[in-house]
Amino acid sequence: MSRPREPRFFKNEDFEFLTNIALASSAYRASETGEVLAAVAAIEDGDRETWFAAWSAAAERVQGFADATGGVSAADAYLRAATYWGMASAGALGTRDPERFTPSWRAGRDAWAKAAALLGAETVAIPYEDTALP
């Protein structure tokens, strides 16, 4: 007897893996299941353009909410925006405009820093060669 197939969102292994990471991030307030499912619904399997567009739209929407609010709600929203920007940047290099990787990665880093500041987290800089890694 064959085993029943596991439910999947995508046949594309990268998309499936990253979607599962995004869903699992909800356990740490770094995503919301409904937001992830809404983004996934807008993505064509294996199409990095729709992947980038869907996750960028989710990140912009959630970050807009964070910018307009304060306190824990804003911190949680910045944390989710950081996750969604990370998802967008993960697909950027396979798009028609791979130059979008750096701005989307930076947007995620900045959203993470805003969340950390609002949550009272300590940030550190680790010396590395002639620079420091945040």
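Applying the condition of being over 18 Å from the mean Cα position of the chain (by Cα) and under 21 Å from A66 (Cβ atoms) to region 115-134 and asking which residue is most open to solvent (accessible area, probe 1.4 Å) yields E122. What number of residues within region 12-52 are β-branched (V, I, T) and under 23 Å from A75 (Cα atoms)? Counting residues in region 12-52 that are β-branched (V, I, T) and under 23 Å from A75 (Cα atoms) gives 4.
Here T33 meets each of (1) loosely packed, with under 13 Cβ neighbours inside 10 Å; (2) under 15 Å from the mean Cα position of the chain (by Cα); (3) within 27 Å of P134 (Cβ to Cβ) with one exception, condition (3).
Any idea which residue in region 55-83 is farthest from I43 (Cα to Cα), counting only those that are buried (at least 23 other Cβ atoms within 10 Å of the Cβ) and of a type in the set (S, T, Y)? Checked region 55-83; the qualifying residue farthest from I43 (Cα to Cα) is Y78.
Which of the residues that make up region 84-99 are open to solvent by less than 60 Å² (accessible area, probe 1.4 Å), part of a helix (DSSP H, G or I) and over 13 Å from A30 (Cα atoms)? Even if it seems obvious, please write down each step before you answer.
Going through region 84-99, the residues open to solvent by less than 60 Å² (accessible area, probe 1.4 Å) turn out to be 84-92, 94-95, 98.
Still in the list and also part of a helix (DSSP H, G or I): 84-92, 98.
The answer is A88, S89, A90, G91, A92, P98.
Please verify whether region 66-79 includes one or more residues that are farther than 18 Å from R100 by Cα, within 12 Å of the chain's Cα centre (by Cα), assigned to a helix (DSSP H, G or I) and among the charged types (D, E, K, R). The answer is no; no qualifying residue exists. Can we say W112 is touching a Ser or Thr at 6+ places or on another chain (Cβ under 8 Å), open to solvent by 30 Å² or more (accessible area, probe 1.4 Å) and within 21 Å of I21 (Cβ to Cβ)? So W112 does not fit the description; no.
The values are calculated or read from the model by the stated rules, or taken from the named source; none is laboratory data. Bear in mind that the values here come from a model prediction, so they are computed numbers and not experimental data. Note that each Cβ is placed from the backbone with ideal geometry, even for glycine, and that neighbours are counted across all protein chains shown. Accessible surface is based on the protein model in full, side chains and every heavy atom, while ligands, DNA and RNA are left aside. Shrake-Rupley method; radii C 1.70, N 1.55, O 1.52, S 1.80 Å.
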